[in-house]
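S.K.: I have a structure I would like to understand better, so I am pasting it below and will then ask my questions one at a time.
Every read-out reported here was derived from the displayed coordinates using simple, explicitly stated rules and does not represent laboratory data. It should be emphasised that the depicted structure is a prediction, and the values quoted were computed from it without experimental measurement. As a convention, Cβ positions derive from the backbone with ideal geometry for all residues, glycine included, and neighbour counts pool all protein chains shown.
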Amino acid sequence: MWKVYWSKHVDKDLDRLPTFIVHKFRAWVVAVECEGMESVRKLKGFHDEPLRGQRNGQRSVRLNRAYRIIYIEQEEGKIHIAEVIEVNKHEY
């Protein structure tokens, strides 16, 4: 059984986000806790992917084009959400 945890810092992030993003965040949490991480990773809508560089060991889930969940798989069955971030377009 999977369990998703996050800190008060993430709660504050969620308070500032648009409602539809918070709904998608909660949908991802429910999916992970009900279906398991392996099943949710197969869903194309979330684009679950490992991160590299300074974020090596963390993973990212897309809530939409602008928002991401950054999480860490701590031990079997436990997910810790590090933050929910807004991703801006890179300037070229």
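S.K.: In nm, give the distance between the simple-model label positions of A82 and R65, each being 7 Å from the Cα along the Cα-to-Cβ direction.
M.R.: About 2.6 nm separates the two model spin labels.
S.K.: For the chain, the longest stretch holding no trypsin sites (Lys or Arg not before Pro) located in a DSSP loop with at most 14 other Cβ atoms within 10 Å is which?
M.R.: 17-41
S.K.: Give the calculated FRET efficiency between Q74 and K44 to the nearest 0.05, with a Förster radius of 35 Å applied to their Cβ-Cβ distance.
M.R.: Values: r = 25 Å, r/R0 = 0.72.
After rounding to 0.05, the efficiency reads 0.85.
S.K.: Ok, one more. Identify which of G53, G36, G45 has the largest mean-square fluctuation in a Gaussian network model of the chain, with springs joining Cα atoms closer than 10 Å.
M.R.: In the Gaussian network model the winner is G53.
S.K.: Return the calculated 222 nm mean residue ellipticity for the chain, to the nearest 500 deg cm²/dmol, obtained by summing -39500 (n - 2.57) across DSSP H runs with n ≥ 4 and dividing by the residue count. Could the numbers behind the result be given before it?
M.R.: Details: 3 runs with 30 residues, N = 92.
Computed ellipticity for the chain at 222 nm equals -9500 deg cm²/dmol.
S.K.: Something else: Restricting to DSSP loop positions (anything but H, G, I, E, B) with no more than 15 other Cβ atoms inside 10 Å of their own Cβ, which GluC sites (Glu not before Pro) remain in the chain?
M.R.: Answer by residue number: E76, E91.
S.K.: If the chain were replaced by its equivalent ellipsoid, with semi-axes equal to the square roots of 5 times the Cα gyration tensor eigenvalues, what would those be, largest first, whole Å?
M.R.: Result for the chain: semi-axes of 20, 16, 14 Å.
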